[in-house]
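To keep things clear, I will list the structure first and then write my remarks on it.
The values are calculated or read from the model by the stated rules, or taken from the named source; none is laboratory data. All values reported here derive from a predicted model rather than from experimental measurement. When we count neighbours, we look across all protein chains shown, and the Cβ atoms used for this are built from the backbone with ideal geometry, even at glycine.
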Amino acid sequence: MRFTETYRGQGLKVVAISKTTLVNRIMMEEQKRKKIVDDEYPYLTKWFETAQLEIDLEEAEECLIRIYKKDLKEMPVENADFRFKRNYSNVLRLANGDYRYGVDGTAKRFHTNLTNIKKELRNYITYNQETLGSIDLKNSQPYLLQAIFEPKPFRYLKVEEKIKEFNPKFNINNNEFQIISGRLIDAKSSLENVIVSVSGSQELTNFRSTTREGTFYENVGKQFVKKQEDPTQLSSEYRKLAKKGTYQVLFAKNSAINYSKEIRIFKNEFPLIYAFAYAIKQGQHNTLALTLQWVEAKMILGIICRKINEENPEIPLFTIHDSIVTTVQNLEKVEDYVKVLFKEVFGDTPSLEKEIWKNSK
């Protein structure tokens, strides 16, 4: 979405809608949308109803101006203007207590003011005047990918049902899977049977190890250089390329391998995982993306946050997709729940990153 030339470069201002019928219609639609979410995740939406999630408007505005000046050096003015206006409108909503939230009907992801706001602005957000912090999964998409080929989470979460729901054309017994993976499978084999048969392979063992340690992109990035004297100092550029290739394998059309060097490197390193991704996306290329989003929502929202609320209903809970946000005093307790419940479902504990949302000024 872009502003027309007439409105580019102009400032923003809040205008009250005066037409009663329009206001009523907007409110009706908003209430209808919120009711759906309230029914799905009442233990999350209740924290917006307290109206205690706030942002320091003055500090946020100064931050946005700094970002805008930086953007002006790196992109056309109209693009910088658009970014500034989009970010500023999100800040104003939060500052005015205009809490927006919704859930997508497919993967059940929870979208809120926090998921829409720029990361640099989080340090100016508080709850009940208390500092917030977050618990994030490191290399979350590769880690969650284990639910596709690891028997324990695959069965626990009933992933095969979701794959077939998102892609009715899915068939693990196609020739492409056998050719790419180099494995012959019985024509009557289910996806679960195939997963069980390959679960002990060295490739999957190595994959699990690097995702669990949170070093997946660094390890894949090594394949982009012939020699790396100090792997711990791997160039961030190679890490970006590794992440780009992984995301293309997970989310792009299968034909993308024809023009992506990164995908070819990934396939060479993880042929079995590439074969799974290829088979799942065959006929409906967004199937794997939807499945991973659903696994993320199921774990973070449906299992972890639900459990925390059941046993500690007083702990404020917010989420940003694969990240759980709470007040600093509750951060360690939330972290413990994340570790325990991932261990229960996935069989191991992911590498986590803890961040305090604190204004440095």
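Considering segment 254-268, the residues that are charged (D, E, K, R) and crowded, with 18+ Cβ neighbours inside 10 Å include one that is modelled with the highest pLDDT, namely Lys267. When you check Lys119 against the structure, is it within 30 Å of Asn312 (Cβ to Cβ) and of a type in the set (Lys, Arg), yes or no? Considered against the rule, which asks whether it is within 30 Å of Asn312 (Cβ to Cβ) and of a type in the set (Lys, Arg), Lys119 comes out as yes.
Residues in segment 15-57 that are surrounded by 10 or more Cβ atoms within 10 Å (Cβ to Cβ), among the charged types (D, E, K, R) and not in a loop (DSSP other than H, G, I, E, B): Arg25, Glu29, Glu30, Arg33, Lys34, Lys35, Asp38, Asp39, Glu40, Lys46, Glu49, Glu54.
Kindly establish whether Thr112 is hydroxyl-bearing (Ser, Thr, Tyr), under 30 Å from Thr291 (Cβ atoms) and at pLDDT below 90. Against the criterion (hydroxyl-bearing (Ser, Thr, Tyr), under 30 Å from Thr291 (Cβ atoms) and at pLDDT below 90), Thr112 does not qualify. Considering only residues in segment 277-307 that are free of Cβ contacts under 8 Å to residues at least 40 places away in the same chain, touching a helix residue (DSSP H, G or I) at 6+ places or on another chain (Cβ under 8 Å) and over 22 Å from Lys253 (Cβ atoms), the one that is surrounded by the most Cβ atoms within 10 Å (Cβ to Cβ) turns out to be Ile304.
Each row is one residue, and each column tells you yes or no for (1) over 26 Å from Val340 (Cα atoms); (2) in the same structural domain as Arg208 (by TED's automatic domain parsing); (3) touching a Ser or Thr at 6+ places or on another chain (Cβ under 8 Å); (4) not in a helix (DSSP H, G or I).
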site	(1), (2), (3), (4)
Ala275	yes, yes, yes, no
Glu296	no, no, yes, no
Ile300	no, no, yes, no
Ile304	no, no, no, no
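In segment 196-253, the qualifying residues are those that are at pLDDT below 70 and small (Gly, Ala, Ser), and the one that is farthest from Asp136 (Cα to Cα) is Ser235. Do we find that Tyr127 is outside the structural domain of Phe251 (by TED's automatic domain parsing), under 24 Å from Leu341 (Cβ atoms) and either touching a residue at least 12 places away in the same chain (Cβ under 8 Å) or surrounded by 21 or more Cβ atoms within 10 Å (Cβ to Cβ) (or both) in this structure? For Tyr127, the condition - outside the structural domain of Phe251 (by TED's automatic domain parsing), under 24 Å from Leu341 (Cβ atoms) and either touching a residue at least 12 places away in the same chain (Cβ under 8 Å) or surrounded by 21 or more Cβ atoms within 10 Å (Cβ to Cβ) (or both) - is met. The criterion of being modelled with pLDDT of 90 or more, touching an Asp or Glu at 6+ places or on another chain (Cβ under 9 Å), aliphatic (A, V, I, L, M) and surrounded by 13 or more Cβ atoms within 10 Å (Cβ to Cβ) holds for Ile67. Please determine whether any residue of segment 111-121 is among the acidic types (Asp, Glu), assigned to a helix (DSSP H, G or I) and closer than 24 Å to Glu332 by Cα. Yes, segment 111-121 contains at least one residue that is among the acidic types (Asp, Glu), assigned to a helix (DSSP H, G or I) and closer than 24 Å to Glu332 by Cα.
Give the number of residues within segment 325-361 that are acidic (Asp, Glu), part of a helix (DSSP H, G or I) and over 18 Å from Ile315 (Cβ atoms).
Residues flagged as acidic (Asp, Glu), part of a helix (DSSP H, G or I) and over 18 Å from Ile315 (Cβ atoms) within segment 325-361 amount to 1.
The condition of being within 15 Å of the chain's Cα centre (by Cα), within 28 Å of Lys253 (Cα to Cα) and surrounded by 18 or more Cβ atoms within 10 Å (Cβ to Cβ) holds for only one of Leu114, Leu157, Leu144, that being Leu144. Within the option set Ile320, Ile280, being closer than 20 Å to Glu192 by Cβ and β-branched (Val, Ile, Thr) holds for one residue only, Ile280.
Of all the listed residues (Glu61, Glu74, Glu78), the sole one being of a type in the set (Asp, Glu), more than 30 Å from Thr287 (Cβ to Cβ) and without any contact (Cβ under 8 Å) to a residue 12 or more places away in the chain is Glu74.
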